[in-house]
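> Dropping a structure here in structure tokens format, bear with me for questions.
The values are calculated or read from the model by the stated rules, or taken from the named source; none is laboratory data. Quick caveat, the model's predicted, so the values are computed rather than measured. As a convention, Cβ positions derive from the backbone with ideal geometry for all residues, glycine included, and neighbour counts pool all protein chains shown. All accessible areas refer to the heavy atoms of the entire protein, side chains included, with ligands and DNA or RNA removed. Shrake-Rupley method; radii C 1.70, N 1.55, O 1.52, S 1.80 Å.
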Amino acid sequence: QVQLVESGGGLVRPGGSLRLSCAASGSGWIFRINAMDWYRQAPGKERELVATITRGGTTDYAGSVKGRFTISRDNAKNTVYLQMNSLKPEDTAVYYCNANIYDIVSKRGYDAWGQGTQVTVSS
């Protein structure tokens, strides 16, 4: 199956910025990626949807990040990005990417998840 590998997390001060990346790879698999999303999960809280982008580039955001975060993708590289600006302590969480995958050979669709990357916003 296709695997998602995230990068870009870390420690940043309030008001700072980070850019997360998530690349899909699947040697030997012929696939198409439909929607791609970023989720986050803070300690003691449920996982929540942060941002989503369709294959055509239509985006949507959680109200708490609208105007501060920007999701984008490069279909040629099978990669999704999350630019996070004006970060707040409440943005601290493990961030996960999710992709809706269509396997062209088996004609089967499924969701793939990344392993998660920690984002900590603290002074």
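> With only alpha-carbon atoms in the gyration tensor, what are the semi-axes of the equivalent ellipsoid for the chain, in Å, largest first?
Listed largest to smallest, the semi-axes of the chain are 27, 14, 12 Å.
> Place a +1 charge on the Cβ of each Lys and Arg in segment 22-83 and a -1 charge on the Cβ of each Asp and Glu, then give the dipole magnitude about the Cα centre in debye, rounded to the nearest 20.
For this selection, approximately 80 debye.
> Measuring from label point to label point, each 7 Å out along Cα→Cβ, what is the Arg68 to Thr120 span in nm?
According to this spin-label approximation, the distance is 1.9 nm.
> For Lys66, which lysines qualify as cross-link partners when the Cα separation must be under 18 Å and same-chain residues fewer than eight apart are set aside?
By straight Cα distance, Lys66 reaches Lys88.
> R0 = 22 Å: FRET efficiency of Arg19 with Tyr110, Cβ-based, nearest 0.05?
Given R0 = 22 Å and the Cβ-Cβ separation, E is 0.20.
> Additional query: Taking the Cα centre as origin and putting +1 on Lys and Arg beta-carbons and -1 on Asp and Glu beta-carbons, what dipole magnitude results for the chain, to the nearest 20 debye?
My answer is approximately 180 debye.
> A follow-up question, please. Hey, what's the chain come to in accessible area per residue, 1.4 Å probe, Å²?
Here the per-residue accessible area is 52 Å².
> OK, next. How many angstrom lie between the C-alpha centres of segment 62-81 and segment 10-27?
Taking the Cα centre of each part, segment 62-81 and segment 10-27 sit 11 Å apart.
> Another question about this same structure. How many percent of the accessible area of the chain is carbon or sulfur, using a 1.4 Å probe?
Taking all protein chains in place, the chain shows 49 percent carbon and sulfur surface.
> Using Cα pairs under 8 angstrom and six or more residues apart, how large is the relative contact order of the chain, in percent?
The value is 36 percent.
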